[in-house]
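Reviewing the structure listed below.
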Amino acid sequence: MSLVLTATAATQLCAGCTVEFVPTDTLGAREDPAGVGFFAEALDMGDRGYLVSSDALGGVVILYDSEGRYQRELTREGDGPGELRGEPRFAMGAGGIGLFEPNGPSVHLYSNDLSLTRTVQVGGRVNSVFWDRVNDAWLVSAVRVDAGSEPGTVRLDPRILFLDQAGDSIRSMQVDRESSWHTVVDMIRGADNTIWTASTDGTVEVFDQDLALLGSLELELPGMDEWNRMGRGGVSAFVSDLHPAPDGLGVWVFAFGTAMSVSDVIEELERLDATGEEPSFERLGDTFIYSLRLDPDGLTLVGTDRLDTIVRPLGDGDRAFDLVDTPDGDRRVRVGRLRFSDGSR
């Protein structure tokens, strides 16, 4: 299960470079109240353990200790402070944890001992949250949706909010509406104080400290051409995460898709439906990793290839996770490391 970073019409990252996902622990056991579902989110908190959410858990976030043992449910479903309606994404800051539902109106802030400290209403739909060490603040990308000038239309007002550790607003900045900020799925800080964003459709953009656009690139996600030819109204792969490149000279973009053609996927799903089998995204799907860097002429695609399972990064280091089907018929989060080598070891 290795990835060799190569590229057509791009420079190879380095001769013989490989990255592998090496599992180390599986979170959870048979007696847990619930396993994870089709898609999961996870946060590695070091000695404090892990947080996990998924579509099967809804608004409930499960806390595991650092050995992968179930501890308790951190949240519950509802509309009150700290309550959720759907599975959240996570961000870890200097003084605690941030939880948010994509396209939801709130950011829920927890202390390092996982006590709820505040629920912040952002006045729009939250796209992504991360702790910015440059400003010592939460950076929140959000989109306010207003009525458009014509009946039945809407006006999108994308902006970035800077919140201090307690959730108080420091400042906000409006984003150029010509950018794809309103569809951002992840955002990280890059070298030279740049801010990188990625949208689900494969648009990657990089901005300077004042949110001036420095470069933009549209990735050719797997299956896009066939999907559009078949009139399915979308793309067959989607971007999930941004991750700092191991060499510090750009980012890795993680996307999920399938090595099979769209027609073969549809045929396989129909077969599973006829036999009563449950489809497994892990078996059908692959992880595609794109290596990008910012050059004087703009964004450059360095290399790309795929892993034959669904792997996602955990934070800025080399931690990662995937899902695994267990012998008891459940699904668990498996954590490990993204091991990078130049082929000489």
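Would you be able to tell me the number of residues in the stretch 46-56 that are within 18 Å of the chain's Cα centre (by Cα) and either surrounded by fewer than 18 Cβ atoms within 10 Å (Cβ to Cβ) or at pLDDT below 90 (or both)? If you could, list the steps in order and put the result at the bottom.
Filtering the stretch 46-56 for residues within 18 Å of the chain's Cα centre (by Cα) gives 50-56.
Narrowing further to those that are either surrounded by fewer than 18 Cβ atoms within 10 Å (Cβ to Cβ) or at pLDDT below 90 (or both): 54-56.
Counting residues in the stretch 46-56 that are within 18 Å of the chain's Cα centre (by Cα) and either surrounded by fewer than 18 Cβ atoms within 10 Å (Cβ to Cβ) or at pLDDT below 90 (or both) gives 3.
A single member of THR117, THR24 is loosely packed, with under 13 Cβ neighbours inside 10 Å, β-branched (Val, Ile, Thr) and touching a Gly at 6+ places or on another chain (Cβ under 7 Å), and it is THR24. Do we have VAL36 as at pLDDT 85 or above and either among the aliphatic types (A, V, I, L, M) or surrounded by fewer than 17 Cβ atoms within 10 Å (Cβ to Cβ) (or both) here? No; evaluated as a whole, the condition is false for this residue.
Counting only residues that are modelled with pLDDT under 90 and over 26 Å from ASP44 (Cα atoms), give me the strands (runs of 3 or more DSSP E) lying completely in the stretch 95-193 with at least 1 of them. I'd like the intermediate steps shown before the answer.
Values: elements: 96-100, 106-111, 116-121, 125-132, 137-147, 154-163, 169-174, 184-189.
It comes to 137-147, 154-163, 169-174.
Only a single criterion out of (1) crowded, with 18+ Cβ neighbours inside 10 Å; (2) under 26 Å from VAL333 (Cα atoms) is not satisfied by VAL140, namely (2).
Selection of the stretch 84-140 for residues being on the phi > 0 side of the Ramachandran plot and either within 17 Å of the chain's Cα centre (by Cα) or aromatic (Phe, Trp, Tyr) (or both) yields only ASN103. State yes or no: is GLY104 surrounded by fewer than 22 Cβ atoms within 10 Å (Cβ to Cβ), touching an Asp or Glu at 6+ places or on another chain (Cβ under 6 Å) and either closer than 22 Å to VAL185 by Cβ or of a type in the set (Asp, Glu) (or both)? In short, no.
Only residues that are small (Gly, Ala, Ser), assigned to a strand (DSSP E or B) and touching a residue at least 60 places away in the same chain (Cβ under 8 Å): list them for the stretch 33-82, please.
To start, the set of residues in the stretch 33-82 that are small (Gly, Ala, Ser) comprises 34-35, 37, 40, 42, 46, 49, 53-54, 56, 58-59, 66, 68, 78, 80, 82.
Next, from what is left, pick out any that are assigned to a strand (DSSP E or B): 40, 42, 53-54.
Scanning the stretch 33-82 gives ALA40, ALA42.
Residues of the stretch 4-12 include none that is in a strand (DSSP E or B) and modelled with pLDDT of 70 or more.
So is ARG85 surrounded by fewer than 19 Cβ atoms within 10 Å (Cβ to Cβ) and touching a strand residue (DSSP E or B) at 6+ places or on another chain (Cβ under 6 Å) or not? Before you say what the answer is, go through the steps one by one.
Numbers: surrounded by fewer than 19 Cβ atoms within 10 Å (Cβ to Cβ): yes; touching a strand residue (DSSP E or B) at 6+ places or on another chain (Cβ under 6 Å): no.
For ARG85, the condition - surrounded by fewer than 19 Cβ atoms within 10 Å (Cβ to Cβ) and touching a strand residue (DSSP E or B) at 6+ places or on another chain (Cβ under 6 Å) - is not met.
Modelled with pLDDT under 75, farther than 26 Å from ILE195 by Cα and in contact with a Lys or Arg (Cβ under 9 Å, 6 or more places away or on another chain): is that true of VAL262 in this structure? Yes, satisfied.
Listed here are the residues, each with its yes/no results for (1) charged (D, E, K, R); (2) in contact (Cβ under 8 Å) with a residue 60 or more places away in the chain; (3) surrounded by 14 or more Cβ atoms within 10 Å (Cβ to Cβ).
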residue: SER111; (1), (2), (3): no, no, no
residue: GLU150; (1), (2), (3): yes, no, no
residue: ALA166; (1), (2), (3): no, no, no
residue: VAL175; (1), (2), (3): no, no, yes
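Selection of the stretch 68-83 for residues being at pLDDT 90 or above and touching a His at 6+ places or on another chain (Cβ under 9 Å) yields only THR75. Is there a residue being out of contact with any helix residue (DSSP H, G or I) (no Cβ under 8 Å at 6 or more places or on another chain), at pLDDT 85 or above, within 28 Å of SER128 (Cβ to Cβ) and basic (Lys, Arg) anywhere in the stretch 295-310? No, the stretch 295-310 contains no residue that is out of contact with any helix residue (DSSP H, G or I) (no Cβ under 8 Å at 6 or more places or on another chain), at pLDDT 85 or above, within 28 Å of SER128 (Cβ to Cβ) and basic (Lys, Arg).
Look through GLY93, GLY98, GLY59 and report the one residue that is of a type in the set (Gly, Ala, Ser) and touching a Lys or Arg at 6+ places or on another chain (Cβ under 7 Å). Result of the check over GLY93, GLY98, GLY59: GLY59.
Assess whether PRO246 counts as being closer than 29 Å to PHE162 by Cβ and either surrounded by fewer than 20 Cβ atoms within 10 Å (Cβ to Cβ) or modelled with pLDDT of 90 or more (or both).
Values: closer than 29 Å to PHE162 by Cβ: yes; either surrounded by fewer than 20 Cβ atoms within 10 Å (Cβ to Cβ) or modelled with pLDDT of 90 or more (or both): yes.
Answer is yes for this residue.
If you go through the stretch 194-215 and keep only what is polar (S, T, N, Q) and in a loop (DSSP other than H, G, I, E, B), you end up with THR194, THR200, GLN209.
Here VAL134 meets each of (1) touching a residue at least 40 places away in the same chain (Cβ under 8 Å); (2) hydrophobic (A, V, I, L, M, F, W, C); (3) farther than 23 Å from VAL61 by Cα; (4) surrounded by 14 or more Cβ atoms within 10 Å (Cβ to Cβ) with one exception, condition (4). State whether the residues of the stretch 213-225 include one that is buried (at least 21 other Cβ atoms within 10 Å of the Cβ), at pLDDT 80 or above and of a type in the set (D, E, K, R). No: zero hits.
The values are calculated or read from the model by the stated rules, or taken from the named source; none is laboratory data. Note that the coordinates shown come from a computational prediction; the quantities given were computed from them, not determined experimentally. A quick note on method: Cβ atoms are made from the backbone with ideal geometry, for glycine too, and the neighbour counts reach across all protein chains shown.
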